[in-house]
Amino acid sequence: MAGVIVITGSSRGIGAATALLAAQKGNAVCVNYLHNKKAAGRVVSEVVKLGQSAVAVAADVSRERDVKRLFDTVDRELGPLTALVNNAGILDVQTRVMNMGADRLNKIFATNITGCFLCAREAVKRMSTRSGGAGGAIVNVSSGASRLGAPGEYVDYAASKGAIDTFTIGLAKEVAEEGVRVNAVRPGFIYTEIHAAGGEPDRVDRVKERVPMRRGGRPEEVAQAIMWLLSDEASYTTGSFIDVTGGK
Ligand code: NAP
């Protein structure tokens, strides 16, 4: 597979692991990030070491103007887009629904839902055969939380991922005839820095006994599922989900 892939939120965690695997498989990568320029720069250097082109682009996926600039930069610097990984996602400090205000909710939904819609829109514009593109693939990074609800921790985050599951099904059907496949992965408890934002950096170690496999997952294990869904090996797979949850 040799293509041009935008991976939102790929300065760290699952996105960064996906960027490296995408490069190993021969793809040019756009490393999008929000604030962490140094970390994004490190991922770009690793991709370049692997012999592939890469560009780091700071853009807030919840802001329409940023998203347009992100994809315009890719057109200019990397060439025709072949795939999007809608990976950027946030959560907030663990609490009950009764304590959640509109500011918190709007921020979570804007990044996790609106951001995915806007990036997918720009990707479909470029990849759909209906608009002159050569086809392509999108993977949305949902969460096992969309099935489990994350009670007492972040029901808002879980609900945003429920929206992503529905978005995946709807968009997949909408563009199926246009050469664009749309799928999702639902990671479980993965060792990344996202848990620190929830106020519990070591959350995975606390909850791992609830996982049938009795361990947390590594970002690289999620990246493998993402890259399979993007690959030609998944050519008849659309509107589907891979749970990367150790059986939970
Ligand atoms: P992470 O380590 O916290 O990394 C988040 C990434 O998203 C960073 O690159 C960050 O950029 C970027 N980002 C945040 N807000 C953004 C915005 N508005 N616009 C653009 N980029 C933004 O997260 P992760 O754990 O790898 O999670 C990646 C995805 O997997 C998320 O969608 C998450 O919901 C999902 N997921 C994670 C787990 C888990 O256990 N880790 C489980 C299920 C699902 P900066 O570095 O610049 O801040």
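The values are calculated or read from the model by the stated rules, or taken from the named source; none is laboratory data. Owing to the predicted nature of the structure, the values given are computational and were not obtained by experimental measurement. Heads up, the Cβs are rebuilt from the backbone with ideal geometry, glycines too, and the neighbour counts pull from every protein chain shown. Note: areas computed on protein heavy atoms with side chains; ligands, DNA, RNA excluded. Shrake-Rupley method; radii C 1.70, N 1.55, O 1.52, S 1.80 Å.
Residues are listed down the side, and each one gets a yes or a no for (1) farther than 26 Å from Val155 by Cβ; (2) within 10 Å of the ligand (Cβ to nearest atom); (3) of a type outside the set (S, T, N, Q):
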{"position": "Arg12", "(1), (2), (3)": "no, yes, yes"}
{"position": "Ala16", "(1), (2), (3)": "yes, yes, yes"}
{"position": "Leu21", "(1), (2), (3)": "yes, no, yes"}
{"position": "Arg42", "(1), (2), (3)": "yes, no, yes"}
{"position": "Ser53", "(1), (2), (3)": "yes, no, no"}
{"position": "Asp75", "(1), (2), (3)": "yes, no, yes"}
{"position": "Leu81", "(1), (2), (3)": "yes, no, yes"}
{"position": "Ala88", "(1), (2), (3)": "no, yes, yes"}
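Taking Glu178 as the residue in question, decide whether it is open to solvent by less than 40 Å² (accessible area, probe 1.4 Å), away from the ligand (no atom under 12 Å from the Cβ) and of a type in the set (Asp, Glu). Answer is yes for this residue. If the condition is being in a helix (DSSP H, G or I) and open to solvent by less than 20 Å² (accessible area, probe 1.4 Å), then region 147-164 contributes Asp156, Ala158, Ser160, Lys161, Ile164.
Taken across region 91-105, residues that are surrounded by 14 or more Cβ atoms within 10 Å (Cβ to Cβ) and under 23 Å from Val211 (Cβ atoms) do occur, with at least one present. Filtering Arg186, Arg210, Arg203, Arg218 for residues that are among the basic types (Lys, Arg), within 16 Å of Gly144 (Cβ to Cβ) and free of Cβ contacts under 8 Å to residues at least 24 places away in the same chain leaves a single hit, Arg203.
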